[in-house]
Amino acid sequence: MTDSSATHDAALTDRAILTDSAYRTERDLAARQSLYQWQTPRYDLPGLVVERLRDVPGTVVDVGCGNGKFIKRLAQERPDLRLLGLDVSLGILEGVPRPVAVADAAQLPLRTDCVDAALALHMLYHVEDIPAAVTELDRVVTTEGVLIASTNSERDKTELDRLWERAAGDVLGVDRGPSRISLSARFSLEKAPALLGAAFSRVETVELPGKISVTTPAPVIAHMNSYRAWAGQHAVPFEVTIERAREIVTKHIDRHGAFEINGLGGLLICSR
């Protein structure tokens with residue numbers, strides 16, 4: 001691993017950054033989630049998870065539940081289930097239906113074989129020891145149970161990566177600025193099957209491709225600005241680069257009518 005990769009990984013898994021800034025509240029997570037309102041096709045991700053759990057009885061734990069988007073949907077459509085939300089950040093749990101608890105995915109406060117399904121949705125890239133977390137998820141899920149994980153592809157939203165590099169380059173006075181931090185890199189859609197396959201014999205990947213087309217710069221800038229917790233990792237003045245990105249997107253929309261982003265995320269359905 002290069003020094004830059006090690007620094008990148010350390011920033012993504014830094015507990016202080018995660019709990020005191022990135023996920024202290026739901027603000028930045030909600031900004032990233034909201035960009036998908038402009039995607040075609042529109043995927044009802046909580047609905048897809050509910051459908052995958054249609055035959056699952058008993059107890060479901062959402063590890064790294066964030067603002068509780070999936071727990072709230074499950075509570076509405078599957079009142080028969082016992083639901084538990086876990087997250088490392090106490091602050092983001094404020095609006096999540098109870099019961100909830102602060103917990104580390106690599107050291108789950110649950111007994112062995114105690115849940116019928118576990119969710120690990122867009123969060124395993126924040127765990128310092130991903131194999132340990134996968135082992136823990138395997139430990140707490142019953143033999144007949146299921147794990148549903150999710151993440152993004154290494155090819156997801158590359159237009160935002162190029163936008164950042166262009167804006168950063170303009171700020172620094174160079175052709176191309178440094179890359180922005182990538183949340184999914186450590187547990188991408190390409191890497192996830194092998195990491196999950198170490199514990200689960202069957203891993204089904206469900207790709208969810210789409211095109212995001214915005215006619216105002218606001219959702220793009222809100223999404224990019226939601227990375228402010230890692231501003232120190234970008235090797236460029238963050239706020240100034242954001243404002244330069246706003247100017248670039250605004251001019252692009254004025255000329256072309258929309259700014260388009262190719263998205264590629266997916267679910268990973270794991271069983272034994």
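Numbers at a glance
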quantity: Dipole magnitude of the chain, debye to nearest 20 (Cβ charges: Lys/Arg +1, Asp/Glu -1, about Cα centre); calculated: 500
quantity: Under Karplus coefficients 6.51, -1.76 and 1.60, residue-wise ³J(HN,Hα) of the stretch 54-69 in Hz, glycine/proline x; calculated: 4, 9, 8, x, x, 10, 10, 10, 9, 8, x, 6, x, 7, x, 4
quantity: Where the Cα pairs of the stretch 205-272 fall when distances are cut into 5 Å bins, in %; calculated: 3, 15, 19, 17, 15, 14, 8, 5, 2, 1, 0
quantity: Translational diffusion of the stretch 120-272, µm² s⁻¹ [Kirkwood Rh, Cα pairs; Stokes-Einstein; 4 °C; 1.567 mPa s]; calculated: 76
quantity: Per-selection Kirkwood Rh - the chain (Cα, Å, 1 d.p.); calculated: 19.3
quantity: Choice from Glu204, Glu136, Glu154 with maximal GNM fluctuation in the chain (Cα, 10 Å cutoff); calculated: Glu204
quantity: Arg82 long-range amide H proximity, modeled H, under 5 Å; calculated: Gly58, Thr59, Val60
quantity: Estimated vicinal HN-Hα couplings, Hz - the stretch 215-231 in sequence order (Karplus 6.51, -1.76, 1.60; Gly, Pro = x); calculated: 10, 9, x, 3, x, 5, 5, 4, 5, 5, 5, 5, 8, 4, 4, 10, 4
quantity: Estimated inter-spin distance, Glu207 and Asp55, nm [label 7 Å along Cα→Cβ]; calculated: 2.6
quantity: Selection from Cys65, Thr112, His234, by position along the positive dipole direction of the chain (Cβ); calculated: Cys65
quantity: On Cα atoms only, tilt of 158-172 relative to the major axis of the chain in degrees; calculated: 40
quantity: For Lys211, residues with placed amide H under 5 Å, excluding near neighbours; calculated: Thr40, Gly263
quantity: In degrees, nearest ten, helix 238-256 long axis to first principal axis of the chain (Cα); calculated: 80
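All of the numbers you see were taken from the coordinates with simple rules; none came from a lab. Computed from a prediction, not measured in an experiment: that's the story for all the values here. Neighbour counts are summed over all protein chains in view; Cβ atoms, including those assigned to glycine, are modelled from backbone coordinates with ideal geometry.
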